[in-house]
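J.: Just dropping this structure here.
The values are calculated or read from the model by the stated rules, or taken from the named source; none is laboratory data. If you're wondering where the values come from, they're calculated on a predicted model, not measured in any experiment. Quick reminder, even Gly has a Cβ in these numbers, built from the backbone with ideal geometry, and neighbours come from all protein chains shown.
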Amino acid sequence: MSDPAPQVLVLVETVPADPATGRPATVRRPSLEQLTVARRLGTPAALVCGPADDDVVAVLGRHGAATVYVVDAPEVGGYLVGPKVDAVTAVVARGDVGCVLVTSNAEGKEVGGRVAVRLGSGIVTDAVDVQAGDGGPVVTQAVVAGQWLATSQVVRGVPVIAVRPNAAPVEPAPVQAVVEKVDVTFAPASLGARVVTRTPRAATGRPELTAAPVVVAGGRGVGSAEGFAVVEALADALGGAVGASRAATDESWYGHQFQIGQTGKTVAPALYVAAGISGAIQHRAGMQSARTVVAVNKDAKAPIFALADLGVVGDLHTLLPQVVAEIARRRA
């Protein structure tokens with residue numbers, strides 16, 4: 001009888017329940033994508049740091065998590081990333097885990113890097129593809145500001161891989177999830193920085209920028225803060241998120257938290273619409289992993305057209321409202 005496949009542990013990001021709207025707690029899309037990746041590598045398992053009610057466990061089970069580890073302790077929400085690092089290493093120390101997957105965002109990469117140090121292993125970040133290979137997972141990652149794709153493999157210890165959002169599809173694979181509660185002894189050093197207050201971000205009703213399957217971004221060509229209304233209208237029509245180039249955020253036309261690029265956020269949506277964005281290398285570093293790029297710009301020589309799958313030369317303030325109207329007509 002062959003040995004069972006090693007567990008591939010996904011550090012789960014959850015969305016808490018909202019009593020005001022009656023929305024149940026659920027799991028963020030990037031974690032569900034990582035469960036798809038995990039099935040390529042072994043037996044998927046999930047780690048929830050914090051409460052894991054029946055709704056969360058049910059979602060994880062529908063997407064292939066055979067085991068759901070739960071570390072429900074006040075420390076994981078009351079401090080910075082240290083307690084989560086303790087939680088991951090405690091589960092790995094049980095001996096069943098062959099690989100750890102985290103989201104390639106600010107917190108995920110910090111947790112992943114610290115876990116790799118604790119385990120004496122290696123981490124690969126910004127993974128855009130992960131496949132099983134001889135000697136462990138083979139990772140395709142975007143490097144040099146996204147100008148190159150490199151194939152990497154961790155050669156020592158338990159691999160830690162930070163996977164970019166939208167790098168894999170969400171594919172249901174229902175199993176009966178078994179919940180295991182894990183008691184963790186938190187290191188004093190992990191409790192050195194406490195969270196004293198939290199201010200929720202104002203809700204826009206749109207998906208999170210780094211996880212959205214559709215992103216509509218505006219640049220200098222939008223012309224003003226008021227001009228972003230047409231960008232928002234198209235994003236809403238497509239069910240997507242709104243982004244901006246650095247030129248637009250530096251002009252205070254849109255918030256810096258929506259900046260996409262080398263010094264902003266990295267996105268990899270199925271569809272990226274660049275409206276009034278010239279396409280400097282710094283911006284392309286943050287979006288060139290998009291599967292389909294549509295560019296709208298009055299300058300036919302704008303660098304963004306070299307990257308675009310579909311380019312339209314014209315005024316975005318004329319073209320985008322026409323697209324919105326056509327979407328509404330077809331849905332009527």
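J.: Taking Lys181 as meeting all but one of (1) more than 28 Å from Arg62 (Cα to Cα); (2) at pLDDT 95 or above, write down the number of the exception.
T.: Against the list (1) more than 28 Å from Arg62 (Cα to Cα); (2) at pLDDT 95 or above, Lys181 comes up short only on (1).
J.: Additional query: Among what's in segment 268-284 and is within 14 Å of Gly243 (Cα to Cα) and assigned to a helix (DSSP H, G or I), pick the residue that is modelled with the highest pLDDT.
T.: Here the residue is His283.
J.: Considering segment 8-48 alone, what residues qualify as being in a strand (DSSP E or B) and among the aliphatic types (A, V, I, L, M)?
T.: Passing the criteria: Val8, Leu9, Val10, Leu11, Val15, Val27, Ala45, Ala46, Leu47, Val48.
J.: With respect to the numbered conditions (1) buried (at least 17 other Cβ atoms within 10 Å of the Cβ); (2) under 25 Å from the mean Cα position of the chain (by Cα), which one is the sole condition not fulfilled by Leu316?
T.: All conditions are met except number (2).
J.: Moving on to the next point. Condition first: in contact with a Gly (Cβ under 6 Å, 6 or more places away or on another chain) and either outside any helix (DSSP H, G or I) or at pLDDT 95 or above (or both). Now tell me which residues in segment 73-92 satisfy that.
T.: none
J.: Would you pick out the residues in segment 185-236 that are under 29 Å from Gly78 (Cβ atoms) and assigned to a helix (DSSP H, G or I)?
T.: Across segment 185-236, the qualifying residues are Pro188, Ala189, Ser190, Leu191, Leu209, Thr210, Ala211.
J.: Still on this structure, please answer the following. Among the candidates Val71, Val57, which residue alone is assigned by TED's automatic domain parsing to the domain that holds Val12, under 15 Å from Pro16 (Cα atoms) and crowded, with 19+ Cβ neighbours inside 10 Å?
T.: Residue meeting the stated conditions: Val57.
J.: While we're looking at this one, here's another question. Within segment 255-269, how many residues turn out to be buried (at least 23 other Cβ atoms within 10 Å of the Cβ) and either aliphatic (A, V, I, L, M) or farther than 24 Å from Val144 by Cα (or both)?
T.: The total comes to 3.
J.: Quick test of your reading of the structure: Cys99 fulfils all but one of (1) in the same structural domain as Pro159 (by TED's automatic domain parsing); (2) modelled with pLDDT under 95. Name the failing condition by number.
T.: It fails just one condition, (2).
Quick grid of which residues meet (1) of a type in the set (Phe, Trp, Tyr); (2) assigned to a strand (DSSP E or B); (3) at pLDDT 95 or above; (4) in the same structural domain as Ala237 (by TED's automatic domain parsing):
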site: Gly286; (1), (2), (3), (4): no, no, no, yes
site: Val294; (1), (2), (3), (4): no, yes, yes, yes
site: Ile304; (1), (2), (3), (4): no, no, yes, yes
site: Gly311; (1), (2), (3), (4): no, yes, yes, yes
site: Pro321; (1), (2), (3), (4): no, no, yes, yes
site: Glu326; (1), (2), (3), (4): no, no, yes, yes
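J.: Just name the residue that is surrounded by the fewest Cβ atoms within 10 Å (Cβ to Cβ) out of those in segment 93-126 that are hydrophobic (A, V, I, L, M, F, W, C) and part of a helix (DSSP H, G or I).
T.: Restricting to residues being hydrophobic (A, V, I, L, M, F, W, C) and part of a helix (DSSP H, G or I), the top hit is Ala106.
J.: Please work out which residue is surrounded by the fewest Cβ atoms within 10 Å (Cβ to Cβ), limiting yourself to segment 132-151 and to residues that are touching a strand residue (DSSP E or B) at 6+ places or on another chain (Cβ under 6 Å) and in contact (Cβ under 8 Å) with a residue 24 or more places away in the chain. Spell out how you get there, then give the answer.
T.: Our first condition is that a residue be touching a strand residue (DSSP E or B) at 6+ places or on another chain (Cβ under 6 Å); within segment 132-151, this holds for 137-143, 149-151.
This time we only want the ones that are in contact (Cβ under 8 Å) with a residue 24 or more places away in the chain, so: 137, 142.
Working: Pro137: 24, Ala142: 22.
Of everything passing the filter in segment 132-151, Ala142 is surrounded by the fewest Cβ atoms within 10 Å (Cβ to Cβ).
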